[in-house]
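Report on the structure given below.
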Amino acid sequence: MAAKSFMVPLGTPAPAFDLTAIDGGSVSLEDLKGSPATLVVFLSNHCPYVRHIESGLGALARDYGARLSIVAICSNDSVNYPDDDPTHLAEQAARAGFTFPYLLDDTQDVAKAYRAACTPDFFLYDSQLQLAYRGEFDGARPGNDVPVTGASLRPAIDALLDGGPVPERQNPSLGCGVKWKPGNEPV
């Protein structure tokens, strides 16, 4: 069943995290400080909504390069959804051309702190790590004919990088609900 993002209030500070990456290293929010824009995206491998846009996200990362810090986080229960285990996430990263760290939120505490509701779910922060954009990558969905371009997210990134205001109209992301471990669902 498809879920929409919660649309966390703009200006909300980025919650701290320190997570293990699929390659065995670790990345924290502290590691991302100093960037003019930081994108935290909740992803999974099994979700058709993510699979539909994953190559477009890989292209976005290559287009912005070092000007934009990006981390992906998988918070799904990989016991009940084994396609979201580290091995399959590494395959996804290679397939999609991800050039950014892909992190594991095994406790699901980070997903709860960010109020992530679905995969994909995008949270873009300014240089002070205050939320400037949350919502969809673009209007492309499995089964529609909208091209995967990042048309919703890219203007917000460009605005932050240019020092201007982020577009006020922001549409929620739509995707697979986060796969919570039994008894771990947010209240």
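The values are calculated or read from the model by the stated rules, or taken from the named source; none is laboratory data. This structure is a prediction, so every number in the text was calculated from the model and none was measured. No Cβ is skipped: glycine too gets one built from the backbone with ideal geometry, and neighbour counts run over all protein chains shown. Quick note on the areas: whole protein, heavy atoms, side chains included, nothing else; ligands and nucleic acids left out. Shrake-Rupley method; radii C 1.70, N 1.55, O 1.52, S 1.80 Å.
Report the percentage of all Cα-Cα pairs in the chain whose separation exceeds 25 Å, rounded to a whole percent. Write out the running numbers ahead of the final one.
Details: 4435 of 17391 pairs.
Tail fraction, whole percent: 26.
Once phi is turned into ³J(HN,Hα) by the Karplus curve 6.51 cos²θ - 1.76 cosθ + 1.60 with θ = phi - 60°, what whole-Hz value does each residue of segment 135-143 show in order, with x for glycine and proline?
Running phi through 6.51 cos²θ - 1.76 cosθ + 1.60 with θ = phi - 60° gives x, 7, 6, 6, x, 6, 9, x, x Hz.
At 222 nm, what value in deg cm²/dmol follows for the chain if DSSP H runs of at least 4 each add -39500 (n - 2.57) and the sum is divided by all its residues, to the nearest 500?
Details: 4 runs with 44 residues, N = 187.
Value at 222 nm, helices only: -7000 deg cm²/dmol.
Quick check: Cα centre of segment 148-187 to Cα centre of segment 1-31, how many Å?
Cα centroid of segment 148-187 versus Cα centroid of segment 1-31: 12 Å apart.
Once phi is turned into θ = phi - 60°, what whole-Hz ³J(HN,Hα) does the Karplus curve with 6.51, -1.76 and 1.60 give for every residue of segment 32-49, x standing for Gly and Pro?
Those phi angles translate into 9, 4, x, 7, x, 8, 10, 10, 10, 10, 8, 10, 8, 8, 7, 6, x, 5 Hz.
Can you give the percent of C-alpha pairs in segment 122-185 whose distance is more than 20 Å? Intermediate values should be presented prior to the final figure.
On the way: 779 of 2016 pairs.
Value for segment 122-185: 39 percent of Cα pairs lie more than 20 Å apart.
For Val79 and Lys181 in one chain, what is 0.36 nm times their gap in residues minus the Cα-Cα distance, to one decimal in nm? Each step should come with its number before you reach the end.
On the way: separation 102, 0.36 × 102 = 36.72 nm, distance 0.85 nm.
Result: 35.9 nm gained on full extension.
Could you give the Stokes-Einstein D for segment 4-60 in µm² per second, using the C-alpha Kirkwood radius, 10 °C, 1.306 mPa s? Please list the in-between numbers first.
Working: Rh = 13.9 Å.
My calculation gives 115 µm²/s for D.
Determine the principal axes of the Cα atoms in segment 71-161, then give the extent along each, sorted from largest to smallest and rounded to whole angstroms.
Principal-axis extents of segment 71-161 (Cα, largest first): 39, 35, 23 Å.
Roughly how much of Ser26 is accessible, in Å² to the nearest 10, using a 1.4 Å probe?
Its accessible surface works out to 80 Å², give or take rounding.
Of the accessible area of segment 1-137, with the probe set at 1.4 angstrom, what percent is carbon plus sulfur? Before the final figure, lay out each step's value.
Numbers: 2900 of 5560 Å².
Using a 1.4 Å probe with all protein chains present, segment 1-137 comes out at 52 percent carbon and sulfur.
Over the chain, give the accessible area per residue in Å² for a 1.4 Å probe, as an integer.
Working: 8360 Å² over 187 residues.
Result: 45 Å² per residue.
Need one word for segment 1-107: rounded, prolate or oblate. Basis is the Cα gyration tensor (sqrt eigenvalues a ≥ b ≥ c); a/c below 1.5 gives rounded, then a/b vs b/c decides.
Values: a/c = 1.32, a/b = 1.25, b/c = 1.05.
Cα axes put segment 1-107 in the rounded bin.
Could you give the longest part of the chain that holds none of the trypsin sites (Lys or Arg not before Pro) found in DSSP loops with at most 16 neighbouring Cβ atoms within 10 Å?
On the way: sites that count: Lys33, Arg169.
Answer - 34-168.
Which chymotrypsin sites (Phe, Trp or Tyr not before Pro) in segment 38-143 sit in a loop by DSSP (not H, G, I, E or B) and have at most 14 other Cβ atoms within 10 Å of their own Cβ? Kindly include the intermediate steps, with their values, before the conclusion.
Numbers: sites: Phe42, Tyr49, Tyr64, Phe98, Tyr102, Tyr114, Phe122, Phe123, Tyr125, Tyr133, Phe137; in loops: Phe98, Phe137.
Here no chymotrypsin sites (Phe, Trp or Tyr not before Pro) fit, given the DSSP loop and packing criteria.
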